[in-house]
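In what follows, a structure is listed as structure tokens, so that the remarks can point back to it.
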Amino acid sequence: MEKQYFKYGTGYVNIDSENLYLTNSGNWQEARELKEKSPKTKRQNSSRIAGNNLFLFIVFGGLTLGAFYTLNKAGDFNILDFSTVGSTVKRLGLLAAIGFVIYKYFAPELGKRYMIPLSKIESVEYWERGVRINFRNEANEPDRENINDVETKGFDILQKLNLLPQSTTDIKNL
């Protein structure tokens with residue numbers, strides 16, 4: 001079986017003949033270094049994601065405070081003065097746009113990173129926001145992973161591999 005991949009909300013799913021990998025970049029080198037999902041790797045992922053969220057919060061908070069300081073220093077900013085609302089709204093809109101770009105840039109780092117052996121996958125089913133994978137983790141305990149915002153190519157790949165049943169539902173509307 002050839003290697004395949006598809007994008008989802010916060011990263012990529014890579015699939016080869018033995019495993020399904022949740023990666024941040026879609027890079028096969030990253031996929032090969034991943035460990036099977038276990039309580040330990042789950043904690044590591046949660047810690048990494050929480051750290052990245054904290055970093056983004058601090059960066060955006062710093063930008064916000066810096067913007068308010070700069071606006072206040074400029075002398076034309078008073079939150080209660082509605083005569084300068086137009087310029088204030090433009091500046092706050094610019095700040096929001098910068099925050100959005102920063103979030104989109106770091107979004108892949110907010111994704112999960114695991115390996116799931118195909119032999120341990122019990123089922124893959126449609127879920128309200130993408131697909132849900134039911135499998136046995138490294139400790140052979142029942143586990144599941146919800147993969148949100150799967151691109152159409154991903155549904156096609158999962159169906160061709162007989163991991164996801166064919167559906168009459170329009171998958172583009174998930």
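From the residues in the range 113-130 that are outside any strand (DSSP E or B) and surrounded by fewer than 20 Cβ atoms within 10 Å (Cβ to Cβ), which one is farthest from the chain's Cα centre (by Cα)?
Narrowing the range 113-130 to residues outside any strand (DSSP E or B): 113, 118-120, 128-129.
Narrowing the set further to residues that are surrounded by fewer than 20 Cβ atoms within 10 Å (Cβ to Cβ) leaves 118-120, 128-129.
Details: 118: 22, 119: 25, 120: 23, 128: 16, 129: 13 Å.
This residue is 119.
Looking at the range 17-109, what helices (runs of 4 or more DSSP H) fall wholly within it and have at least 1 residues that are at pLDDT below 75 and within 30 Å of residue 120 (Cβ to Cβ)? Quick ask: steps written out before the conclusion?
Details: elements: 28-32, 39-74, 85-106.
By residue number, 39-74.
For beta carbons closer than 9 Å, sequence separation of 6+ or different chains, a first residue in the range 93-105 that is basic (Lys, Arg) and a second that is surrounded by 13 or more Cβ atoms within 10 Å (Cβ to Cβ) and not in a helix (DSSP H, G or I), there are no qualifying pairs. Look at the range 114-131: where a residue is under 18 Å from residue 41 (Cα atoms) and at pLDDT 90 or above and a partner is open to solvent by 40 Å² or more (accessible area, probe 1.4 Å) and part of a strand (DSSP E or B), sitting 6+ places away or on another chain with Cβ atoms under 8 Å, you get 120/136.
Checking each residue in the range 127-155 for being basic (Lys, Arg) and within 12 Å of residue 8 (Cα to Cα) picks out 129, 153. Taking the range 136-150 as the range and being in contact (Cβ under 8 Å) with a residue 60 or more places away in the chain and open to solvent by 30 Å² or more (accessible area, probe 1.4 Å) as the test, the residues that pass are 138, 139, 143, 148, 149. Candidates are the residues of the range 12-45 that are more than 20 Å from residue 134 (Cβ to Cβ) and under 15 Å from the mean Cα position of the chain (by Cα); the one that is surrounded by the most Cβ atoms within 10 Å (Cβ to Cβ) is 23.
Filter the range 142-156 down to the residues that are among the charged types (D, E, K, R) and assigned to a helix (DSSP H, G or I) and list them by number. Full working, then the answer.
Narrowing the range 142-156 to residues among the charged types (D, E, K, R): 143-145, 149, 151, 153, 156.
Hits for the range 142-156 are 153, 156.
Please verify whether residue 133 is surrounded by 15 or more Cβ atoms within 10 Å (Cβ to Cβ), in contact with an Asp or Glu (Cβ under 6 Å, 6 or more places away or on another chain) and either closer than 21 Å to residue 39 by Cα or charged (D, E, K, R) (or both), treating the condition exactly as stated. Steps first, please.
Details: surrounded by 15 or more Cβ atoms within 10 Å (Cβ to Cβ): yes; in contact with an Asp or Glu (Cβ under 6 Å, 6 or more places away or on another chain): yes; either closer than 21 Å to residue 39 by Cα or charged (D, E, K, R) (or both): yes.
Considered against the rule, which asks whether it is surrounded by 15 or more Cβ atoms within 10 Å (Cβ to Cβ), in contact with an Asp or Glu (Cβ under 6 Å, 6 or more places away or on another chain) and either closer than 21 Å to residue 39 by Cα or charged (D, E, K, R) (or both), residue 133 comes out as yes.
The values are calculated or read from the model by the stated rules, or taken from the named source; none is laboratory data. Since the model is a prediction, treat every value here as computed from it, not as a measurement. Here the Cβ is made from the backbone with ideal geometry for all residues, glycine too, and neighbour counts use every protein chain on show. Note: accessible area is taken over every heavy atom of the protein model, side chains too, but ligands, DNA and RNA are not part of it. Shrake-Rupley method; radii C 1.70, N 1.55, O 1.52, S 1.80 Å.
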